[in-house]
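Inspection log for the structure reproduced underneath, given as structure tokens.
Just so it is clear, none of the values below were taken in a lab; they were calculated from the coordinates. None of the values given here were measured: they were computed from a predicted structure. Note that we place each Cβ from the backbone using ideal geometry, even for glycine, and neighbour counts take in every protein chain shown.
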């Protein structure tokens, strides 16, 4: 048996008895392992490429939605018309188009009104204005855009006000539009010039029941205020009139306008001057020179809402003016912005009825499409040979042009004129503002509203919220990560790190809810205590550490090495309790009982309950776990050989930390900061619920803000699909994505360079 055992034990030493590693079982196992490796490699590669493809598709989809807002306008000519009735109609005075683009109106110099079909130019119905015997039309003007009211001045010193209206009915379930003329102040013309001279220029404005009419004969100005009053018991309507005596002009009058609030009367006299009268005080506000050089005013018109004036000149330029309060509180006519259409005189303006855009015609038949707020020229194209008269439909989708005895309809495609790079990112001078500003205000109660779609305050709010959140989170998270990974006992680290990382599981909507409903009012009522807490906590920790270091060694050795941090818990609780309990007393001692009023009245610092301080505290709490976890892993992953080698060479633990450990871990720490910053920039629910959502540009920590992400969350459900507002919200998302992409790219470049630089440590 022993011999057999010895023979068996020595058998492997024989070369003929070596183990065979190419058995079928091992070969199958190796092939299976290789197949699994290839599958895993392909799975990871395909997954990574799929993620990149998804991000790329998201980017291109956002760009696809956003790009149309930067496209210009286009027009398409329809079939030219020359209906039979047009031959004997005389010269056109004005054209108009109803809202459905079905019916158009033409007024000629003889006072004949012809309604016709837009589609084929066929005549529908006609009216003759009730002109006095022997009187002819010498001037005309329209009220504010969209009012459909017109005033004509007559050769006998009288004026007639009429309104075009369109009654919609459905006989036999067929939609029928019936045009009518109405005379809101009667069919009898209104006498303006007592001497019966021809009215060379007229203007009107109806505000409620009060009508103001102005007219000129030479350099004489006639202004009449009329009011219709209805008796509540009998229903009878009585009319009262009042002549407004204003200072007379020294030069012949060329045009005039009345603002819709009936405060200002703009009288254009001479070649390039305007006199502004205050109708309430019946005084001259001032005389303003509108143009320089040899240019002359050739066309004037109000913009939608009547606040802005459009001034066209003989050199093809267009300027926007409106009243602005100066430093002394006086309203002065101010030049806001200008456009250059061509080198020919501007002959007609056609303001849009729903937006702050307008169209213009010049003497050569060129037509331009513009938007005032965006300061954008969308299109300039020739539509006629020589002089023409045009009308823009209420929806700005059709324009009707009469030139050389023919009618031509153009279809307009101009969906997003109110958006430009300057209006999105630059200061814009909006109506009723004293200076250019960055403003986001996407909705309003009426169509006179000027859309304010600046992304600057939203971007500023995003960076402001991220700044204050990182100001709190970055020092705490990085210092905690370094201490936990380098100094703390492993047993204590095993308890502290999971607790901090568990904070990341808290839903941000809960944090936002807590910050908005509890933290914001608490901070407002305990401002001295909050600031004392932020200032005294590090001082208390340093004093506690100093005192601990001065204790006898036998006492300090009682606490195991790496457990000293547990002693800071009562210190922090004591400092917090003392600071917050003394808040009311400090407020009485130093701030007259109310720190908020002291900030507002004595320092001029505005205070909003839901402000950047609350956001910094709440969002900083949410960002800390992200930064801490990554930074702690980076510090803890520094090879122990580097630490032990440094200590062996005589370096202190602090020197080892600052000159070896942190430098080696710097790529990971930097990545942690960038990921935390990305989280802060993209945070939605906390800033949505804790900031007040006020889109202002103010670095004041006590003021609110609105971020890009919160703005998308608030306004996207209310936006019309495909509208400019809708696409700008997608642009906000694209800006966030681009910012994150750029920041991550820079972070990766810097992290790679740091890793190469300190790889030799």
Checklist entry - Given a cut-off of 24 Å, what percent of all Cα-Cα pairs of the range 407-533 lie beyond it? => result 61 percent
Checklist entry - How large is the Kirkwood hydrodynamic radius of the range 29-182, in angstrom, based on all distinct alpha carbon pairs? => result 21.4 Å
Next on the checklist: Against the 2.2 N^0.38 Å scaling, with N counting residues, where does the range 641-692 land? I'd like the Cα-based Rg ratio to two decimal places.
Outcome noted: 1.86
Item to check | Residues residue 756 and residue 566, FRET efficiency given R0 of 60 Å [Cβ-Cβ distance, rounded to 0.05] | outcome: 0.95
Checklist entry - Hey, could you pull the Cα Rg and Dmax for the range 294-363, both in Å? => result 12.8, 41
Checklist entry - Which angle from 0 to 90°, rounded to the nearest 10, does the C-alpha axis of helix 662-682 make with the longest principal axis of the chain? => result 30 degrees
Item to check | Space enclosed by the convex hull of the alpha-carbon atoms of the range 131-289, per residue, Å³ | outcome: 156 Å³
Next on the checklist: Based on alpha-carbon centroids, what's the gap between the range 294-311 and the range 411-471 in Å, whole number please?
Outcome noted: 25 Å
Item to check | Packing-based order for 90-97, 499-506, using average beta carbon neighbours within 10 Å, highest first | outcome: 90-97, 499-506
Next on the checklist: Going by Cα centres, the range 230-267 and the range 31-104 are how many Å apart?
Outcome noted: 48 Å
Next on the checklist: If I take all pairs of Cα atoms in the range 92-133, what percentage of them are more than 15 Å from each other?
Outcome noted: 40 percent
Next on the checklist: Once R0 is set to 51 Å, what does the formula 1/(1 + (r/R0)^6) return for the Cβ-Cβ distance between residue 110 and residue 421, expressed as a FRET efficiency to the nearest 0.05?
Outcome noted: 0.55
Checklist entry - Kirkwood Rh, Cα Rg: Rg to Rh for the range 562-674? => result 1.17
Item to check | Entry for volume of the Cα convex hull per residue in Å³ (calculated from the structure that is shown) out of [x] 169; [y] 343; [z] 160 | outcome: [y]
Checklist entry - How far, in nm, would the chain grow between residue 397 and residue 606 when pulled straight, counting 0.36 nm per residue and subtracting the alpha carbon separation? => result 70.6 nm
Checklist entry - Residue separation times 0.36 nm, minus the C-alpha to C-alpha distance between residue 238 and residue 251: what's the value? => result 1.0 nm
Next on the checklist: As a test of the definition: which semi-axes, in Å, follow for the range 522-593 when you take the square root of five times each eigenvalue of its alpha carbon gyration tensor? Largest first, please.
Outcome noted: 32, 11, 8
Checklist entry - Sorted by packing (mean other beta-carbon atoms within 10 Å per residue), highest first, where do 368-375, 647-654 land? => result 368-375, 647-654
Checklist entry - Using the C-alpha gyration tensor of the range 256-375, what are the square roots of 5 times its eigenvalues, in whole angstrom, with the largest one first? => result 24, 16, 12
Checklist entry - Expressed as a whole number of Å, what is the distance separating the alpha-carbon centroids of the range 158-179 and the range 687-761? => result 51 Å
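FRET efficiency for residue 172 and residue 117, Cβ-Cβ distance as r, R0 = 22 Å, nearest 0.05?
Values: r = 19 Å, r/R0 = 0.86.
It comes out at approximately 0.70.
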Item to check | Relative contact order for the range 606-761, counting Cα pairs under 8 Å that sit 6 or more residues apart, in percent | outcome: 31 percent
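Compute the orientation-averaged projected area for the range 456-718 from the convex hull of its Cα atoms and round it to one decimal in nm². Show your work: numbers first, answer last.
Numbers: hull surface 67.0 nm².
Here the figure is 16.7 nm², rounded to one decimal.
When the convex hull of the C-alpha atoms of the range 248-293 is computed, what volume per residue in Å³ does it have?
Residue-normalised Cα hull volume stands at 68 Å³.
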Item to check | Between helix 724-757 and the chain: long-axis angle, C-alpha atoms, 0 to 90°, nearest 10 | outcome: 30 degrees
Checklist entry - Mind ordering 107-114, 603-610 by average Cβ neighbours within 10 Å, highest first? => result 107-114, 603-610
